[in-house]
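The values are calculated or read from the model by the stated rules, or taken from the named source; none is laboratory data. If you're wondering where the values come from, they're calculated on a predicted model, not measured in any experiment. With ideal geometry, Cβ positions are generated from the backbone for all residues, glycine too; neighbour counts draw on all protein chains shown.
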Amino acid sequence: MTSLKVYHYAKCSTCRNAIKWLQNAGHDLELIPINEQPPSKEEILDLIAKSGLESKKFFNVSGEVYKSMELKNKLPDLNEEERAELLSSNGMLIKRPVVTDGIQATVGFKPEQYEQSWSPKENHS
């Protein structure tokens, strides 16, 4: 089964549910505490590219740090590099969990999305 990197926050119930889902699907997980080891700016840019999402989707808009920094008003004025720099500076700014197999990446946890991205694939070789 695929080995996945999961950036998570242990106190986050969404992360715990996502991890449980991935384990039940048979994946080997490399769990990385996002608050202690946030991805670097380069990793963030790579994850954004692999997710196919806009960089603003990587922000944890309901988080305290996001609100205290008043990022809702500041984000529109930042370019991709600046947004990635900001995300890498504080793991609590990142919407979680972030899951990647090195080819694709997902942000957050929606069972339908996980079904599509992380369901065990039949090997037709």
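Quick notes
- Residue satisfying all of: in the range 69-125; assigned to a strand (DSSP E or B) and of a type in the set (S, T, Y); surrounded by the fewest Cβ atoms within 10 Å (Cβ to Cβ) among these: T100
- Residue within the range 57-68 that is out of contact with any Asp or Glu (no Cβ under 6 Å at 6 or more places or on another chain), part of a loop (DSSP other than H, G, I, E, B), of a type in the set (A, V, I, L, M) and touching a residue at least 24 places away in the same chain (Cβ under 8 Å) present: yes
- Residue in the range 29-41 that is surrounded by 15 or more Cβ atoms within 10 Å (Cβ to Cβ), part of a helix (DSSP H, G or I) and either aliphatic (A, V, I, L, M) or at pLDDT 95 or above (or both) present: yes
- Verdict on I19 being part of a helix (DSSP H, G or I) and touching a His at 6+ places or on another chain (Cβ under 8 Å): yes
- In the range 47-56, residue surrounded by the most Cβ atoms within 10 Å (Cβ to Cβ) [restricted to those that are outside any loop (DSSP other than H, G, I, E, B) and touching a residue at least 12 places away in the same chain (Cβ under 8 Å)]: L47
- Looking across T14, T2, one residue alone is over 14 Å from the mean Cα position of the chain (by Cα), under 27 Å from E115 (Cβ atoms) and touching a residue at least 12 places away in the same chain (Cβ under 8 Å). It is T2.
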